[in-house]
1. Counting other C-beta atoms within 10 Å, and keeping those with at most 10, which DSSP coil trypsin sites (Lys or Arg not before Pro) do you find in the stretch 120-173?
2. Efficiency by 1/(1 + (r/R0)^6): what FRET value for GLN80 and ARG181, r their Cβ-Cβ distance, R0 = 35 Å, to the nearest 0.05?
3. If the cut-off is a Cα-Cα distance under 13 Å, which aspartates and glutamates reach LYS214, setting aside same-chain residues fewer than 8 apart in sequence?
4. Specify the angular offset, from 0 to 90 degrees and rounded to the nearest 10, of the alpha carbon long axis of helix 27-37 from the longest principal axis of the alpha carbons in the chain.
5. Percent relative contact order of the chain, based on C-alpha pairs within less than 8 angstrom and at least six residues apart?
6. Might you report the magnitude of the Cβ-based charge dipole of the chain about its Cα centre, with Lys and Arg at +1 and Asp and Glu at -1, to the nearest 20 debye?
7. Given an 8 Å cut-off on Cα distances and at least 6 residues of separation, report the relative contact order of the stretch 18-97 as a percent.
8. Would you mind calculating the gained length between ASP189 and GLU121 on full extension (0.36 nm times residue separation, minus the Cα-Cα distance), in nm to one decimal?
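No value in this document is a laboratory result; all are computed from the given coordinates. Keep in mind it's a predicted model, so treat the numbers as computed, not measured. FYI the Cβ positions are ideal-geometry reconstructions off the backbone, even for glycines, and counts take in every protein chain you see.
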Amino acid sequence: MQHTAHPAAIAGAPALAPTSFFDCQSPQIAAFYDKAIKDCAPDDRARAVALFYAVRDALFYEIYNADFSRPAMCASAILQRRSGMCIHKSIVYITLLRHAGIPARLCLTDVTNHLCSAKLEALMGTRTFHYHALVQLRLDGKWIKATPVFNARLCQLYGLTPLEFDGYNDCVHHPYDEQGRAHMEVVRDHGSFDDLPYDLILQGLHEKHGSLFKTRTRFRSGSLIADRA
């Protein structure tokens, strides 16, 4: 039997509502959701944790070739590609949480990535990446942060410990890698959003990282794995 979205996600607050980007009633979202939670306990925290790991590791993190066209920023479309960068993976996680009836919204920050590859740093002209995305979700009346972005395989290649999420505590970026070198540092918080601020993000990325674009809505070709080789 096909799973349907939680009633609160249909009639509830902005952090639960379906949108054109957070299409939490789509069959693709329902199918991914059902598979991700099939072995977890029937409570919101267990579902939130199971969905975190499903998004973290089933969708590969990649900056190069990132597609920012409106259709490509829809959660169901991202699931079909099975890859994306922080914003894409955060969209999917938010949409799955709303499908489960768990309030969720998007957070945007600027981060300095001290382990940025030499190629990517040269292309951007900086180690600070603007409009980095993560997720806020509400469990037991408390908003907590989760970052289902860097999959375990990529972390292994870059010498990072994958982020873990227990459903109780914030899960943000480790400040250091496995050798104790500085990794990520949040330098600005742009706030949280109940829907994807599409124009703000696209315009901001063009202003701050215009050299990454090969078209108006797509980043240049490349591979983070190849950069590490």
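1. Details: sites: ARG127, ARG138, LYS142, LYS145, ARG153; in loops: ARG127.
The qualifying sites: there are none.
2. Working: r = 36 Å, r/R0 = 1.03.
That pair, GLN80 with ARG181, gives E of 0.45.
3. Straight-distance partners of LYS214: ASP67.
4. Rounded to the nearest ten degrees, it is 90.
5. Numbers: 431 pairs, mean separation 54.1, N = 229.
Dividing the mean separation by the residue count of the chain yields 24 percent.
6. Details: 25 positive and 23 negative charges, 116 e Å.
So the magnitude is around 560 debye.
7. The normalised contact order for the stretch 18-97 reaches 39 percent.
8. Here the segment from ASP189 to GLU121 would lengthen by 22.3 nm.
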